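The values are calculated or read from the model by the stated rules, or taken from the named source; none is laboratory data. All values reported here derive from a predicted model rather than from experimental measurement. Cβ placement follows ideal geometry from the backbone for every residue including glycine, while neighbour counts extend to all protein chains displayed. Note: accessible area is taken over every heavy atom of the protein model, side chains too, but ligands, DNA and RNA are not part of it. Shrake-Rupley method; radii C 1.70, N 1.55, O 1.52, S 1.80 Å.
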Amino acid sequence: MTALNDPYQLRVGVPSVEVFRRLRTDAGLSDKSSEAVALALPNTWYGVVLYHEGEPIGMGRIIGDGGTAFQVVDMCVHPAHQGRGLGKRIMAALTEELERRAPATAYVSLIADGPARFLYGQFGFADTAEHDSIGMYRSMEAS
């Protein structure tokens, strides 16, 4: 429950294409083309947008097949609002929805950049290398 004077509000959903791109780049994440974002957003399994006095300043999404595999993506908070536990608030909402709706045998993954691993660790995520797994990726840009 949030305090009545809390200037931050978390809403279920996804931002517009333009807001999505701005939130990512403001937070230092890579930009995505408008076309790619327009394709991606409707495929969100669950998402939240964080607002400060009505202005979107953060977000997080879960994508996946709805049964066996999920991935936490697009976690970001505008730098002017970082350090206030807002990433934790976003992650808590995503985790609560996973715990509520995802099957017990589902696999949930994410990529943790830098110190974000400490945030995700608070929600039960572990380094895959410690379990004889290694995360891998391929970017379609420079194939």
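Observations on the structure shown:
- With every protein chain in place, the chain: carbon and sulfur % of accessible area (1.4 Å): 53 percent
- Cα centroid separation - the range 16-69 against the range 107-139, whole Å: 19 Å
- Per residue, the range 76-129 exposes 62 Å² of accessible surface when a 1.4 Å probe is rolled over the protein heavy atoms with every protein chain present.
- Antiparallel content of DSSP bridges confined to the chain, in %, to 5: 80 percent
- Sparse packing (at most 10 other Cβ atoms within 10 Å of the Cβ) combined with a DSSP loop state is found for the following GluC sites (Glu not before Pro) in the range 1-62: Glu53.
- Overall shape of the chain was characterised from the C-alpha gyration tensor. The equivalent ellipsoid obtained from it has semi-axes of 23, 19, 16 Å, in decreasing order.
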